[in-house]
Amino acid sequence: MNGCILILVALGLSIVFGLMGIINFAHGVFYMLGAYAGWLTVHLTGNFWLALAVAPVTVGLLGALVERGVLKRIYGTKNANFAGVLVTYGLAIMIPDLVRMTFGRPGKPFAVPQVLTGSLFQLGATEVHGYRVFILLVTAVLLPLLWLLLNKTNLGLVIRAGTSDNLMVQLLGINVARTWTITYSLGAALAALAGVITAPLVAVAPEMGGLVLIECFIVTVVGGMGSFLGVVAGGLLIGQTLALTGMVYDVLADVVIYLMMALVLLVRPRGLFGQEGMSEE
Amino acid sequence: MSLTTRRTILKGLAGAGAATAVSGFPFVNRLALGQQSLKLGVVVPMTGPMALEAQEMLAATQIAVEDVNADGGVMGRKVETVIRDSEFKPEVAKRKATELIEVEKAAFLVGAIVGFEGIAMAEVGCKNDVIVSFFGQNFLTIKGKMCKYQFGNNLSPYQTAAAAAHFVAQQKMGKKWHMLANNYSWPQMFERAYSLVAKQVGAEWTGVTWAPLGTRDFLPFLPKVAAAKADVVFITTWAADQVACAKQVQEFGLAKQSQVIHSITELTFAEAAGKGVYENFYAGMPWYWSLKDQYPAAKKYYDRHYALRKRAPSGYTASTYSTVRVLLDTAREVKSLETDKVTRALEGRKFQYLKGPEQIRACDHVNIQDVYLCKGKSAAGMKDGWDYFDIVQAVGGEATAESCEGEGFDPKKPSVSQQI
């Protein structure tokens, strides 16, 4: 499960960084907001499947608002990258507090939909449950779709070109501002989807985005900033490392992923699948 | 003209100074003190992940202080709380505790939910000879070393675990025990208690499956727990980790194989996990709101807390209430704010507020009290929004507390204040 969630959240983080050069500390917040949007939808309608659609759409729109209303103001300014860190870090502090004020501090109950409860089959010593398979399926379906979006559409072409050389894309007369908004919104929506599908298994609480964000930064650094394949490989690698180290010698679980990151950076400074480009500016 | 005025003022000031010196500062101070309220310094994490718990504890503090003031305050002075936010950071807790003592002249300090805040506050209290009493679990005694001005009426990890273990033995739930826990100092104290009680009652201790703190996915750990083939699995996790763990243990179906017991829980965790998630799990608590049907004081407390917070009070708020009450009531009874005098009076003190009788054991300042073992209810079995558990049994007394010798204290010296 961890690997799938990390891939979905880190993809948005990586694309946003690759294209916009923003180290988006607010990304974990979108993951949390996705879980809350999902909870609210289920709370009001009792329909988990509707929540799966509502959470990414609403949080994606909110992402667009954040990009247009806040981040847009710092583009092209002196130390824009540093300002981006400060602004998104501020949002990462402020938004969870707003959620606490709105929904209260106790986590929100979010159950696994009845149809996905129960064990499907035995895999070694582990029973594989319906909801876990569902998470795998969602990730497995989404990844090719995202790959197609990024590699076979005009939008994807612009995003990839922007990731590689943003200035050149602007000089070619492409409306980069719109692309940035769409990209940021897409990243937020992916994080929200990860949030809503994780929600039935974890505590839906305002601070839930913090830890996942740190792990996702490691995924993107290990995989290579802005690289689709890198995020998938990095997500699986970090997710499995966390699970396996935890099982064998849990004390090292947190340390090993940082060691892995350091090792990858020593051998391949751009990450496993990182390419030379804007992200190095 | 201006020179004359300045001289006049200077003369006046000199005269006032001389009069003060002759009459003595204590007299002046007593007059001033008689009119002033007594300040109770409170440091809790009002921002950050424990913000709700902090607000709940502040409500409990307010109720306790109102009750003390209704009884005439302390030495004729009304008690006033001076509240500071620790921001869930030890360095901030330390700074705010210092400020409360040095600037606000707080007579006592209370607060802290987690260990690092407690350690920071204890350090400040000890350095300044001010009593510090904690809201969170009382576990700052390490190998017989503690600050003699340090108290805490919440459960200690040892008694929480020992109560659960004795409960399991009494209910004959099985003799093969295992624990699933986050790996840090607090659950490690539970491991020690469980393994010791297992020896006492002739159970087999199969060890611990440790998961890192902040674990989101417990599934990789559950096959290892299942492989232990234990009759009873104790789970020692807290907050978001406990909620995730409870959901996934239920999903995994561990309860079909073993009796699952959460060493300790809070109402807010059951609420966050959702209706029915704790079904058939047992869990320990220092207090549960349904005690209002057993103790009139608990009913009164419940009603007042509900009026303030619009929610049922949690177990930790009841511990907070008794922490504040016993400290201030003791100071009133000994008619003193002198730290050593109040400390000695607190040692061995018996009292009863919202639950059965309690006593602060003199040799380690652990509060000997009942632990309530509760059973989680099914969603269909809940009567209202807070009805997550039924109390099954109160387990308490000296049997659940580790001996003071076992903790490293000198058995020849019966109280902490005599030892340090």
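The values are calculated or read from the model by the stated rules, or taken from the named source; none is laboratory data. Note that the structure is predicted; figures quoted are calculated from it, not measured. Quick reminder, even Gly has a Cβ in these numbers, built from the backbone with ideal geometry, and neighbours come from all protein chains shown.
Please verify whether segment B:361-369 includes one or more residues that are more than 14 Å from every other protein chain (Cβ to nearest Cβ), crowded, with 24+ Cβ neighbours inside 10 Å and under 18 Å from B:GLY111 (Cβ atoms). Yes; the residues of segment B:361-369 include at least one that is more than 14 Å from every other protein chain (Cβ to nearest Cβ), crowded, with 24+ Cβ neighbours inside 10 Å and under 18 Å from B:GLY111 (Cβ atoms). All conditions but one from (1) under 15 Å from the mean Cα position of the chain (by Cα); (2) at pLDDT 90 or above apply to B:VAL168; the one that does not is (1).
Here's a check for you: in segment A:62-105, which residue that is assigned to a helix (DSSP H, G or I) and aromatic (Phe, Trp, Tyr) is nearest to the other protein chains (Cβ to nearest Cβ)?
First, pick out the residues of segment A:62-105 that are assigned to a helix (DSSP H, G or I): A:62-69, A:71-74, A:80-103.
Adding the requirement that they be aromatic (Phe, Trp, Tyr) leaves A:82, A:89, A:103.
Numbers: A:PHE82: 24, A:TYR89: 16, A:PHE103: 11 Å.
If we take residues in segment A:62-105 being assigned to a helix (DSSP H, G or I) and aromatic (Phe, Trp, Tyr), then A:PHE103 is nearest to the other protein chains (Cβ to nearest Cβ).
Looking at segment B:304-315, is at least one residue within 14 Å of chain A (Cβ to nearest Cβ), surrounded by 23 or more Cβ atoms within 10 Å (Cβ to Cβ) and closer than 21 Å to B:MET382 by Cβ? I'd like the intermediate steps shown before the answer.
Within segment B:304-315, the subset within 14 Å of chain A (Cβ to nearest Cβ) is B:309-314.
Applying the additional criterion that residues be surrounded by 23 or more Cβ atoms within 10 Å (Cβ to Cβ) yields B:313-314.
Right, trim to closer than 21 Å to B:MET382 by Cβ and you get B:313-314.
Yes, segment B:304-315 contains at least one residue that is within 14 Å of chain A (Cβ to nearest Cβ), surrounded by 23 or more Cβ atoms within 10 Å (Cβ to Cβ) and closer than 21 Å to B:MET382 by Cβ.
Just one residue in the set B:GLY348, B:GLY381 is out of contact with any helix residue (DSSP H, G or I) (no Cβ under 8 Å at 6 or more places or on another chain), assigned to a loop (DSSP other than H, G, I, E, B) and farther than 30 Å from B:LYS275 by Cα; that residue is B:GLY348. The C-beta contact set for segment B:251-262 (first residue touching a residue at least 60 places away in the same chain (Cβ under 8 Å) and crowded, with 21+ Cβ neighbours inside 10 Å, second residue outside any helix (DSSP H, G or I) and of a type in the set (D, E, K, R), distance under 7 angstrom, 6+ apart or interchain) comprises B:SER258/B:ASP231.
Is it the case, given these coordinates, that B:GLN188 is over 20 Å from B:ALA239 (Cβ atoms) and in a helix (DSSP H, G or I)? Walk me through it before giving the result.
Numbers: over 20 Å from B:ALA239 (Cβ atoms): no; in a helix (DSSP H, G or I): yes.
So B:GLN188 does not fit the description; no.
Among the residues of segment B:269-319, which ones are in contact with a Phe, Trp or Tyr (Cβ under 9 Å, 6 or more places away or on another chain) and among the polar types (S, T, N, Q)? Residues satisfying the conditions are B:SER290, B:SER314, B:THR317, B:SER319.
The rows are residues; the columns are (1) closer than 28 Å to B:THR237 by Cβ; (2) of a type outside the set (A, V, I, L, M, F, W, C).
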position	(1), (2)
B:ALA51	yes, no
B:GLN55	yes, yes
B:THR81	no, yes
B:PHE88	yes, no
B:THR98	no, yes
B:GLU104	no, yes
B:ALA112	yes, no
B:GLY115	yes, yes
B:ALA122	yes, no
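Do we find that A:MET225 is outside any helix (DSSP H, G or I) and either loosely packed, with under 14 Cβ neighbours inside 10 Å or more than 14 Å from every other protein chain (Cβ to nearest Cβ) (or both) in this structure? Yes: the conditions hold for A:MET225.
Scan segment B:271-290 for residues that are within 9 Å of chain A (Cβ to nearest Cβ) and either among the aliphatic types (A, V, I, L, M) or more than 17 Å from B:SER378 (Cα to Cα) (or both) and jot them down. Full working, then the answer.
Within segment B:271-290, the subset within 9 Å of chain A (Cβ to nearest Cβ) is B:271-277.
Matches in segment B:271-290: B:ALA272, B:ALA273, B:VAL277.
Report whether or not A:ARG132 is in a helix (DSSP H, G or I), among the basic types (Lys, Arg) and without any contact (Cβ under 8 Å) to a residue 24 or more places away in the chain. Walk me through how you get there before you give the answer.
Working: in a helix (DSSP H, G or I): yes; among the basic types (Lys, Arg): yes; without any contact (Cβ under 8 Å) to a residue 24 or more places away in the chain: no.
No; evaluated as a whole, the condition is false for this residue.
Inspection of segment B:342-350 identifies at least one residue that is without any contact (Cβ under 8 Å) to a residue 12 or more places away in the chain and within 22 Å of the chain's Cα centre (by Cα).
Residues being charged (D, E, K, R) and crowded, with 17+ Cβ neighbours inside 10 Å: count how many of those fall in segment B:70-86. Qualifying residue count for the region: 3. Selection of first residues in segment A:48-60 that are touching a residue at least 40 places away in the same chain (Cβ under 8 Å) and of second residues that are part of a helix (DSSP H, G or I) and among the aromatic types (Phe, Trp, Tyr), restricted to Cβ pairs under 8 Å at least 6 apart or on distinct chains, gives the following pairs, ordered by first then second residue: A:ALA51/A:TRP39; A:VAL59/A:PHE30. Under the condition of being out of contact with any Lys or Arg (no Cβ under 9 Å at 6 or more places or on another chain) and either of a type in the set (S, T, N, Q) or outside any strand (DSSP E or B) (or both), the residues counted in segment B:363-378 number 2.
Checked against (1) exposed (fewer than 14 other Cβ atoms within 10 Å of the Cβ); (2) within 14 Å of another protein chain (Cβ to nearest Cβ), A:ALA140 passes all but a single condition, namely (2). Which one of the conditions (1) away from chain B (no Cβ under 14 Å); (2) modelled with pLDDT under 85; (3) farther than 24 Å from A:LEU213 by Cα does A:GLY162 fail to meet, given that it meets all the rest? That leaves (3) as the condition not met.
Name the residue, out of B:ALA211, B:ALA283, B:ALA270, that is in contact with a strand residue (DSSP E or B) (Cβ under 8 Å, 6 or more places away or on another chain), of a type in the set (Gly, Ala, Ser), surrounded by 24 or more Cβ atoms within 10 Å (Cβ to Cβ) and modelled with pLDDT of 95 or more.
Sole residue among the options that is in contact with a strand residue (DSSP E or B) (Cβ under 8 Å, 6 or more places away or on another chain), of a type in the set (Gly, Ala, Ser), surrounded by 24 or more Cβ atoms within 10 Å (Cβ to Cβ) and modelled with pLDDT of 95 or more: B:ALA283.
Does A:ILE5 fit the bill of being within 16 Å of A:THR220 (Cβ to Cβ), within 14 Å of chain B (Cβ to nearest Cβ) and crowded, with 24+ Cβ neighbours inside 10 Å? Even if it seems obvious, please write down each step before you answer.
On the way: within 16 Å of A:THR220 (Cβ to Cβ): yes; within 14 Å of chain B (Cβ to nearest Cβ): yes; crowded, with 24+ Cβ neighbours inside 10 Å: yes.
Considered against the rule, which asks whether it is within 16 Å of A:THR220 (Cβ to Cβ), within 14 Å of chain B (Cβ to nearest Cβ) and crowded, with 24+ Cβ neighbours inside 10 Å, A:ILE5 comes out as yes.
The condition (being loosely packed, with under 14 Cβ neighbours inside 10 Å and either in contact with a Lys or Arg (Cβ under 9 Å, 6 or more places away or on another chain) or touching a residue at least 60 places away in the same chain (Cβ under 8 Å) (or both)) is satisfied by just one residue among B:ALA331, B:ALA399, B:ALA394: B:ALA399.
The set of residues in segment B:47-86 being within 14 Å of chain A (Cβ to nearest Cβ) and either in contact (Cβ under 8 Å) with a residue 40 or more places away in the chain or within 14 Å of B:ARG332 (Cα to Cα) (or both) consists of B:THR47, B:GLY48, B:PRO49, B:MET50, B:LEU52, B:GLU53, B:ALA54, B:GLN55, B:GLU56, B:MET57, B:ALA59, B:ASP85.
The number of residues in segment A:167-213 being more than 13 Å from every other protein chain (Cβ to nearest Cβ), outside any helix (DSSP H, G or I) and touching a residue at least 60 places away in the same chain (Cβ under 8 Å) comes to 0.
Just wondering, is there one or more residues in segment A:35-50 that are crowded, with 24+ Cβ neighbours inside 10 Å and either away from chain B (no Cβ under 14 Å) or among the acidic types (Asp, Glu) (or both)? Scanning segment A:35-50 turns up no residue that is crowded, with 24+ Cβ neighbours inside 10 Å and either away from chain B (no Cβ under 14 Å) or among the acidic types (Asp, Glu) (or both). Out of all the residues in segment B:227-251, which are over 20 Å from A:THR245 (Cβ atoms) and within 7 Å of chain A (Cβ to nearest Cβ)? Correct list: B:ALA240, B:VAL243, B:LYS247, B:GLU251.
For segment A:191-232, the tally of residues that are farther than 22 Å from A:PHE134 by Cβ and of a type in the set (S, T, N, Q) stands at 2. Taking every residue in segment B:205-226 that is more than 8 Å from chain A (Cβ to nearest Cβ) and pairing it with any residue that is assigned to a loop (DSSP other than H, G, I, E, B) and of a type outside the set (Val, Ile, Thr), at least 6 positions away or on another chain, the pairs with Cβ-Cβ distances below 6 Å are B:THR206/B:ALA228; B:THR206/B:ALA230; B:LEU213/B:TYR184.
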